[in-house]
Every structure is written in structure tokens, then in C-alpha cells.
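First up is the structure itself, then whatever we jot down about it.
What follows draws every value from the coordinates through simple rules; no lab data is involved. Values in this document were obtained by computation on a predicted structure and should not be read as measured data. Virtual Cβ from ideal backbone geometry, glycine too; neighbours counted across all protein chains shown.
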Amino acid sequence: MVRPKGIGGDCYDDEEGDRRGFGGNSSVQLKEVGVSCMLSTEVGALLAVIRRPVDPNATDVTVADTHVIVALKNLRSLIFQPHGEWHTIDPVLYISPFINVIQSDEIPAPATALAISAVLKIIRLNIFDEKTPGAGDAIQAVVHGITNCRLERTDHVTEDAVLMRILQVLLAVMRSRVSAFLTDHAVTTVVNTCFQVVQHSACRGDMLQKNARHTMHELVQIIFIKLPEIKPNGSGKGSEIEFDEEGGLIGPPVYGTQCMVDIFKFLCSLLNVVVECSDGLGPMSWDEDVQLFALILINSAIELGGEAIGNHPRLLWTIQDELFYYLIYYGTRSTPLFLSMICSTVLNLYHFLRRSVDVV
């Protein structure tokens with residue numbers, strides 16, 4: 001059977017197509033070709049932006065970060081070569097060139113944004129999964145690369161666009177099933193990076209700040225909803241990840257209560273944020289906007305963790321020793337909105353932990 005001519009004017013039969021790595025007409029094979037085309041498009045666009053001169057009138061165009069371009073070219077040369085299905089290939093092979101761009105000091109901001117978008121597309125399309133060899137190293141590399149993104153100084157609009165993409169990648173990573181391979185430190189770093197964007201957006205556009213806060217809220221929900229699945233008094237770590245007949249993970253995730261304790265302590269510390277009064281008079285006053293946001297996140301963590309919080313002494317101790325102090329302290333010093341959230345938090349604690357909390 002002969003295929004119709006393609007864009008280049010060539011025609012291949014199925015056997016020759018198989019030798020070239022494109023396979024036949026099955027949906028799986030077409031999906032593999034689609035992934036190859038997507039990666040080729042992303043690499044081509046990225047190379048074009050990197051090579052684009054900053055000054056259009058310049059006659060001598062030099063590219064400082066040569067190893068980044070070499071890595072992208074090497075990836076492009078391998079994309080359409082015969083190989084197995086993409087989900088069986090080590091993801092580091094095709095993710096690392098984009099990570100190199102993200103972490104480079106000499107890459108223009110538009111190229112950084114494109115590289116982050118490419119990584120986001122790879123994760124959202126589930127090109128690799130938890131069974132893919134090297135998936136753990138790949139997802140760790142993504143977190144390390146995104147949280148250590150190097151961005152050249154540029155206009156606020158471009159910076160905000162890059163920060164928005166960073167938020168999208170962080171959320172996509174935690175939503176992915178491959179997030180089961182993340183360590184406690186990596187998960188904590190994801191949340192800290194998201195909060196840095198929240199802080200950075202305070203003096204920027206309202207859209208970036210709303211997206212950053214929404215992303216952080218979702219991250220807290222994704223993390224703490226796993227708490228009931230973790231064995232009591234355990235870190236949640238397993239020496240080996242097993243799968244059921246349907247390909248689902250069996251056993252606890254790699255990250256566990258350690259990151260949850262660290263995140264919960266961090267959220268409690270935000271309740272102690274103070275800023276100087278705008279008029280410069282009087283004592284220090286607390287920033288209620290940040291505190292209200294932190295209390296909303298704490299309340300979500302308690303709602304999702306539920307009674308399981310009582311099975312983990314370190315989390316329980318943090319609630320008794322730190323959270324209760326701030327709830328009592330600000331209970332008589334807050335606005336009606338903040339007081340309402342305090343009451344909701346106390347009510348949730350009563351319903352879930354009244355048998356676990358020691359009141360002195």
C-alpha cells in the first residue's frame with residue numbers, strides 16, 4: 001500500500017515507513033509521530049528565538065551560550081530516528097536541553113519562556129509516566145530547573161509571562177502521577193518557589209498575584225490530600241515503588257509527612273508577618289492580607305488532612321505549639337473577616353482533632 005505524497009514530495013510504503021521510525025497507520029504510531037513533531041517544533045522555535053539578534057541592524061551576531069544550541073541541535077537530530085515508543089525512552093534525554101535553556105544566564109527572556117512552555121507541554125501530554133525508565137530523575141530535574149530559572153532583566157510584561165508559565169509547570173508537576181517520585185525537599189521547594197512569586201506579584205499586576213495565590217492554594221490541596229494515605233508515624237517513603245494490574249502505584253509515595261510538616265510550619269510563620277505602618281507612626285502592625293491568605297491555606301490543609309493529622313505527632317505538635325498561639329493572639333485583634341476565618345479553623349480542629357489535641 002502506497003501512502004500519498006507528503007510535504008516534501010516523498011512517498012513511502014508501510015515497510016519503508018517502519019524503517020524510518022514512523023510506523024504504520026495505527027493510532028499509537030500516529031501518536032508517536034505527533035510527539036516527535038511537537039518536540040521538533042519546540043526545538044526549532046527555540047533555536048530561532050535564541051539566534052535572533054537583539055539588535056536587528058547588527059552585522060556580527062554571536063551566540064554566547066553555545067553548548068545550549070549544540071544540545072538542542074543534537075536533540076533535533078535524534079527526534080525522527082527509529083526508536084521505541086516515547087514512554088519507554090529516558091525523559092532526561094529530551095528534557096535536559098530545555099532545562100539548560102531555562103538555567104542559562106545568557107539566554108533572552110523570550111527563549112526562556114518558550115523553553116518553560118515546552119517542558120509544560122511535555123508534562124501535560126504525559127509523554128513519560130511513572131513506569132518510564134529514568135522518570136524519577138527527569139521530574140527531579142524539572143523541579144530543580146524551574147525553581148532555579150535564570151531570567152535576564154527585561155520589561156514587566158515579559159517577566160510576568162515567564163512567572164505565569166513557571167506557576168503552570170509547578171502545578172502540572174504536582175498533578176502528574178510522576179510526582180510520586182519527588183522527595184520531601186523537592187515538594188517543599190515547589191511551594192516555596194510559588195510563594196516567592198506571590199511575594200513578587202505584590203507590586204505587579206493583579207492578574208499575576210491572583211494566579212500565584214490560586215496556584216499555591218492548589219499545591220497545598222494536592223499535597224495534604226495525600227496525608228490520610230501515609231502510614232502513621234512514617235515518612236511515607238518506600239524503598240521500591242510497585243504497581244497494580246492497571247498500572248497504578250501501590251504503597252506510599254516518595255514524599256511524606258516531612259514536607260507537610262515543613263510546609264505547615266512555614267504557613268504558621270506567615271501568621272507572624274509584620275510590616276511598618278504606612279504613616280511611620282506607632283508600633284509595628286501585622287499584614288492582615290498575608291495572614292488571611294496563610295490562614296486560608298492552613299484551613300485547607302486541616303480540612304484535607306482531617307483526623308489523619310492526629311496520627312502524625314510532629315504535625316499535631318505544630319498545631320498545638322504554634323497555630324493555637326496565633327489563633328488565640330489574633331482572636332481579639334482582628335477584623336471581622338479574619339476573625340471569621342479563625343473561627344472556621346477552630347471549628348475544623350474541633351471536629352477532626354478534639355480527641356488528639358491536649359488543651360492545657
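Points worth noting:
- Highest mean first, the peptides 146-153, 132-139 sorted by other C-beta atoms within 10 Å per residue fall in the order 132-139, 146-153.
- When each of the peptides 177-190, 68-81 is scored by the mean number of other C-beta atoms lying within 10 Å of its residues, the order from highest to lowest reads 177-190, 68-81.
- Under-5 Å amide H pairs with Glu152, H placed in peptide plane, nonlocal only: Ala109
- Relative contact order [Cα under 8 Å, 6+ residues apart], the stretch 102-183, whole percent: 50 percent
- Highest-first packing order for the peptide set 154-162, 335-343, 43-51 is 43-51, 154-162, 335-343, based on the mean count of other beta carbon atoms within 10 Å.
- Sorted by Cβ density within 10 Å, fewest first, the residues Phe128, Phe98: Phe128, Phe98
- Three-way shape call for the stretch 117-206 based on the alpha-carbon gyration tensor, with the a/c threshold at 1.5: prolate
- Of the residues Met164, Met207, the one with the fewest other Cβ atoms within 10 Å heads the list, and the complete ranking is Met207, Met164.
- Histogram of C-alpha separations across the stretch 77-151, 5 Å bin width, %: 3, 17, 27, 23, 17, 9, 4, 0
- Taking all pairs of distinct alpha-carbon atoms in the stretch 293-339, Kirkwood radius in angstrom: 11.6 Å
- For Ile107, Ile99, order by how many other beta-carbon atoms lie within 10 Å, fewest first: Ile99, Ile107
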